[in-house]
Amino acid sequence: MRAGISELAARLRNREISSVELTKAYIDAIEKLNPTLNIYVYLTFDTALKAAEKADQMLDEGDAPLICGIPMALKDNICTDGLPTTCCSRILKGFKPYYDATVWEKLKKQGAVLLGKANMDEFAMGNTSETSCYGAPLNPRNTNYVTGGSSGGSAAAVCANLAVYSLGSDTGGSIRLPASFCGVVGLKPTYGAVSRYGLIAYGSSLDQIGPLTNSVKDAAIVFDAIKGGDRRDQTSVDHDYGSSLAECLERDVKGMRIGVAEEFFDGINPEIKSSIDEAIKLFERNGAIIENISLPALKLALPVYYIIACAEASSNLGRYDGIRYGHRASSYTSIDDMITKTRSEGFGDEVKRRIMLGTYVLSSGYYDAYYKKACLIREEINREFDAVFEKCDVLIAPTAPNTAFPLNYKGASPVEMYLADICTVPVNIAGIPAISIPCGEDSRGLPIGMQIIGRRFGEATVLQAAHFYEQSAGKVIDDYEGGAVI
Amino acid sequence: MNYEIVCGIETHIELATKTKIFCGCTTEFGGEPNTHCCPVCTGQPGSLPILNQKVVEYAVKAGLALNCKINTRSHMDRKNYVYPDLPKAYQISQYDEPLCEKGYIELDSGKRIGITRIHIEEDAGKLVHENGYTYIDYNRSGVPLIEIVSEPDISSAEEAKEYAEKLQLTMRYIGISDCKMQEGSMRCDVNLSLRKPGDTKFGVRTEIKNINSLSFIQKAIVAEAERQADILEAGGTIVQQTMRYDEKTDSVAPMRDKENSDDYRYFPDPDILRFSIDEEKVEEIRASLPELPFDKLKRYMNVLGLPEATAKLIFRYRKVAEFFQGALAEGASVKNAANLIVGAIFSNMDTEEEKELFDIRISAAQFAALVKLADEKKINIGVAQGTLQKMLESGKPAEEFIKPEDLAGISDETLERLCREAIDANPRAADDVRSGKDKAINVMFGYIMKKTGGKADIRKAEALLRKLIGS
Amino acid sequence: MAISKTDIEKLAWLVRLSFSDEELERFTAEFDEIIAFADTINQSIEGGTEQIRSVGARMVSFDELRSDEVAPSLSNEKILSNVEGYNGFFSLERSRK
């Protein structure tokens, strides 16, 4: 297995390597691989080297945080002061925020070294990263396949070792799905555990930032570094996790109650199902108690998710009017015409579809039947999860019904594409945490992801269960050959 | 054919908080364009709103002052529409859970105009159109507003004006807004329809937007009622639309934009948590309210016994009323205090604004000290007025301007001597008084006042003169 | 539930989007499928009529709201850093060829 954050941190501290050297190794690898893989859409090598120098100083002075000096990537929807942040949309081309997202502010303070902004589906709307205005990133494990989305660049950067870790955002599976497709670890924290300030909104009641890493331990380390309440995000919560989550990963699963809901396995590819079954058996062999449970409202989770996310998106994306930032149409007959042309030129088809769906479900005459109904079912889904977590510590489910799609997968209608989110969206609807970890490969050698889902602010248990699996299952997928040589 | 006016008013009032409703930027008026701005109030991607506590407090105050029920749980909604002055393309407002509901304003006639609801929301930026360009300043974007919606209980232009006037006065009084219509910190939209007397069904209504003075409210209603009546008389139908009142031509005309076709797609703002305000807090806010203006007016007339005209001049301005009451608390008499405020202090204040500000250099206690001298007849009203002017100019207390001999007044012996002198110097006037021409006594008053510098007690002098003349 | 091209155009106007004839054709067909998908929520579970509110059950009390203290605004330069401004204003030509 590749060196994790704590190992690199140790090597940085005993001067085996400096942050500048480490950063240069990643820069070299990115220069070599990025032209093909299209993982980064904006490179920040100059600032990275400066940050690395500063990190080396911090390390010299001692007492530096674990992530100090370690090169990483940010999804392109996380605002970075003075550096382009475009959500991979034409409408935000050239946009440079003059403020940092809270997560980036926190990481910067801890000496993080930003290599660049990672590719993604336009405005995080998609699950293949193909809606990016910069073209799709390629899956490093097999370049004929997509990375998954929407945080495809963030997952692929970690997979290809073009970053030690990255941050993504997850509205309906956008961290977990690409993590699963690329064979890395992706954590979607509890809604509110991490500040959303500076995350360019898609579906505000569902969006959450989280880490993509090579190991569960790294995910815990990065989550430790970014979590916490923020006075600039009223929906954030300063939850007391007791201590560093990375330091209490070791836990015997004996007596751990693991729920398995049949609804999560409806229509799942048999290869995936058998991988997850194997994993469940591993837990059972080690003393976990497997509970078969039922979450009937889950059947409606997918349309509920699309209705709520798109309703919020239709409103969140209204601000892109060409007046204050981003693209502005070059010729027009009136201000309304300018706004309409700007938006019609600036947004891609999937974004337009979702804005239109969101507008429709909120419009007078349809509000009750769609938006309001979806919110009521959301409450029902929450109640079902609450009941389940009365008797289970975590749930295990597949991350996606299939492994990675081939690139430019033709013939799939938008709705067919939405089905890939079926296992991930319930978690966002309920605002609970979940991790996706690799648990095998399909017959084509593509990674399979397993989700471990916890109760609100139950990240510790989720990470412990995932760490246990990672340590006990042995090698479940091949290592990616390539990337930075350290 | 006569028609009955059915009218409701929506009033937007800018709240006098220090910061905007969702960010820490100042609400101060003016400033260079786009200098009271941040990512939140210019709708930058990734920014999030944080609700200002003071806005909620002020709205609750308004609700309590207008006899509303306060909803202890409330939330913010998004109202979606596209306009360049609205940076997020939605206004954060309240739709189905406003802070206050079901209040009223009582008119002088005793009729109550219902208040349907009061909710909080954000203001938009300002557009300037010039030379083919539109320039945008977001300094006002995010300034907190309350919208006060009345029931369609208003049935005449006069009632509408009185409603708006009382609303304005009350809001100023409780200190939540300066309510300056000409500057836009209070704006009214009037909904109006006509129906035949006795009809219970409402007619089709129009909305006259953004009226910016009390007298225009009255005029706009008269003009729109006439316009609608003409249409109805000619057998036409009223079209539901948004109108604008043109003060130059004193007429109402439809607005041309597409506002009439909007669908605002309200939904709860996911960025702002639902909030609660418990009964205890509501009571705390209620306790912080001053005596409300129309309660005060009644008290001035019924308890203090002020004449209506004087009472109305004083109660209107909260600071004046406080000054007046402060003087009473220091022992000044109601009548002299009121008359000196209205007669002397107001003579230096030409505008409503000055009276509203009531920025004077003496304290209520200093004022009371002077009033008491007059109360005790140590000086007469004329001296009191003159002294008051000097006090106002210098900020110094009455002692600085009144000599001990003034305070001692004119002794009885001196006054008698002066009265004799006055009669001797004006024998003809004395004769006239004797023969019943009473006004002639003024000639002798003039003599005495001149000699005493106005300090003689005129009633005593009159009695003495009459005795000496023998009239 | 079939949606017409006119319905699509009306919705599009609300959010300032426009479609070419060809796009509109394709979009209308896709949208029909998307609406049918969204409509599956109406095929089961009878929803109540309660009022819905902002996210989840979390609620803050009055005392937790932001206190009214002025924070420094940003410079005009920063506010206008992503556009060409004019005398401190955001500037917009009303029509352009």
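What per residue convex hull volume, in Å³, do the alpha-carbon atoms of the protein assembly as shown yield?
Cα convex hull per residue, to the nearest whole number: 222 Å³.
Binning the C-alpha pair distances of chain B at 20 Å intervals from 0 yields a P(r) profile of 19, 41, 24, 13, 2 %, listed from the shortest bin outward.
Think of each Lys and Arg Cβ as +1 and each Asp and Glu Cβ as -1; about the Cα centre, that makes the dipole of the range C:1-43 roughly 220 debye. Inter-chain neighbour count for A:333-346: the average number of beta-carbon atoms from partner chains within 10 Å of each residue's beta-carbon is 5. Largest first, the residues A:Y366, A:Y469 sort by 1.4 Å accessible area into A:Y366, A:Y469.
Here r is the Cβ-Cβ distance between B:E233 and B:E165 and R0 is 35 Å; the resulting FRET efficiency, rounded to 0.05, is 0.65. Compared with the dominant Cα axis of chain B, that is its longest principal axis, helix B:157-173 is turned about 80°. Over all pairs of different C-alpha atoms in the range A:123-220, the reciprocal of the mean inverse distance, the Kirkwood hydrodynamic radius, equals 13.0 Å.
Across q = 0.17 Å⁻¹, the range B:67-181 modelled as identical point scatterers on its alpha-carbon atoms has Debye log10 I(q)/I(0) values of -0.97, in the order of the q list. The stretch between B:E413 and B:E400 holds 1.9 nm of extra length on full extension. This uses 0.36 nm per residue minus the Cα-Cα distance. In this rough spin-label picture, where each label sits 7 Å from Cα along the Cβ direction, the C:Y86-A:Q471 distance is 6.7 nm.
Take the Cβ-Cβ distance between A:K32 and A:A10 as r, set R0 to 22 Å, and report the resulting FRET efficiency rounded to the nearest 0.05.
That pair, A:K32 with A:A10, gives E of 0.25.
Across the protein chains, with a 1.4 Å probe defining accessible surface, the residues B:R172, B:R420, B:R140 rank B:R420, B:R172, B:R140 from largest area downward.
Past 21 Å, Cα to Cα: identify those pairs from A:K93/A:K352; A:K50/A:K108; B:K126/C:K97; B:K79/B:K180, in the order given. Numbers along the way, then the final one.
Values: A:K93/A:K352 17 Å; A:K50/A:K108 12 Å; B:K126/C:K97 26 Å; B:K79/B:K180 26 Å.
B:K126/C:K97; B:K79/B:K180, as the Cα separations exceed 21 Å there.
Shielding by partners for peptide B:29-42, expressed as the average number of C-beta atoms from other protein chains within 10 Å of each residue's C-beta, is 6. Our summary gives the range B:291-408 a relative contact order of 23 percent, counting only alpha carbon pairs under 8 angstrom and 6 or more residues apart.
Cα-based radius of gyration for the range B:7-53, normalised by 2.2 N^0.38 Å, reads 1.38.
When every alpha-carbon pair in the range B:412-469 is counted, what percent end up more than 15 Å apart?
Cα-Cα pairs of the range B:412-469 separated by over 15 Å account for 36 percent.
Ordered from longest to shortest, the equivalent ellipsoid semi-axes for the range B:339-383 are 23, 12, 6 Å, each the square root of 5 times a Cα gyration tensor eigenvalue.
For the range A:364-394, accessible area lost to neighbouring protein chains reaches 50 Å² or more, against the chain alone with a 1.4 Å probe, at A:Y370, A:K372, A:K373, A:L376. If both residues of a DSSP beta bridge must be in the protein assembly as shown, then about 80% of such bridges are antiparallel. Surface exposure of chain A, expressed per residue as accessible area with a 1.4 Å probe, stands at 31 Å². Expressed as a whole percent, how much of the Cα-Cα distance distribution for the range B:291-408 exceeds 16 Å? Looking at the range B:291-408, the distances longer than 16 Å represent 57 percent of pairs. A convex hull fitted around the alpha carbon atoms of the range B:265-320 yields 170 Å³ per residue. For the range A:25-69 versus the range B:306-378, the inter-centroid distance based on Cα atoms is 73 Å.
Under Stokes-Einstein, with the Kirkwood radius over Cα pairs as Rh, the value for chain A at 20 °C and 1.002 mPa s is 97 µm²/s.
For the range C:1-43, the normalised intensity computed at q = 0.33 Å⁻¹ comes to -1.14 (log10 of I(q)/I(0), Debye sum over alpha carbons, equal scatterers, no solvent). Checked against a 26 Å cut-off, the cross-linked pairs B:K111/B:K335; A:K273/A:K299; B:K403/B:K439; B:K88/C:K10; B:K88/B:K209; B:K319/B:K460 give Cα-Cα distances beyond that limit for B:K111/B:K335; B:K403/B:K439; B:K319/B:K460. Against chain B, whose longest principal axis is taken from its Cα atoms, helix B:441-452 shows a tilt of about 90°.
Here are some pairs, B:K355/B:K455; B:K102/B:K161; A:K54/A:K188; A:K227/B:K54; which of them have Cα atoms lying more than 24 Å apart in this structure?
Beyond 24 Å between Cα atoms: B:K355/B:K455; A:K54/A:K188; A:K227/B:K54.
As a test of the definition: which semi-axes, in Å, follow for the range B:342-471 when you take the square root of five times each eigenvalue of its alpha carbon gyration tensor? Largest first, please.
Values for the range B:342-471, descending: 36, 17, 10 Å.
The Cα atoms of the range B:4-281 define a convex hull whose projected area, averaged across directions, is 16.0 nm². Here is the P(r) of the range A:14-161: all C-alpha pair distances, binned every 10 Å from 0, give 13, 40, 34, 12, 1 in whole percents.
Once A binds B, the 1.4 Å probe can no longer reach about 2800 Å² of accessible area, counting both sides.
Expressed as a whole percentage, what fraction of the accessible surface of the protein assembly as shown belongs to carbon and sulfur atoms when a 1.4 Å probe is rolled over the protein heavy atoms? List each step's numbers first, then the result.
Numbers: 19760 of 41280 Å².
C and S fraction of accessible area: 48 percent.
Calculated accessible area for the range B:291-408 comes out at 50 Å² per residue, all protein chains present (probe 1.4 Å; ligands, DNA, RNA ignored). With each run of n ≥ 4 DSSP H residues scored as -39500 (n - 2.57), what mean residue ellipticity at 222 nm is computed for the protein assembly as shown after dividing by its residue count and rounding to the nearest 500 deg cm²/dmol? Result for the protein assembly as shown, helices only: -11500 deg cm²/dmol. Beta bridges assigned by DSSP with both partners in the range A:125-284 are antiparallel in approximately 100 percent of cases. Using a probe of 1.4 Å, the accessible surface attributed to A:C88 totals some 0 Å² when neighbouring protein chains are kept in position.
Put B:Y447, B:Y163 in order of accessible area, highest first, and with a 1.4 Å probe you get B:Y447, B:Y163.
Directionally averaged projected area (the range B:293-360, Cα convex hull): 4.1 nm². Only beta bridges with both residues in chain A are counted; by DSSP, about 65 percent of them are antiparallel. Within straight cross-link reach of C:K78, meaning Cα distance under 12 Å, which aspartates and glutamates are found once same-chain residues fewer than 8 apart are removed? Once the sequence-local aspartates and glutamates are set aside, what remains near C:K78 is A:D81. When the convex hull of its Cα atoms is viewed from all sides, the range A:244-356 shows a mean projected area of 12.2 nm². Quick one: helix B:381-394 against the long Cα principal axis of chain B, what's the angle to the nearest 10°, folded into 0 to 90? Rounded to the nearest ten degrees, it is 50. If the chain linking B:L357 and B:A425 were pulled fully straight, counting 0.36 nm for each residue of separation and taking away their Cα-Cα distance, it would gain 19.4 nm.
The values are calculated or read from the model by the stated rules, or taken from the named source; none is laboratory data. None of these values were measured; they are calculated from a predicted model. All Cβ positions, even for glycine, are placed from backbone atoms using ideal geometry, and neighbour counts span all protein chains on display. These accessible areas exclude ligands, DNA and RNA; they are computed on the full protein's heavy atoms, side chains included. Shrake-Rupley method; radii C 1.70, N 1.55, O 1.52, S 1.80 Å.
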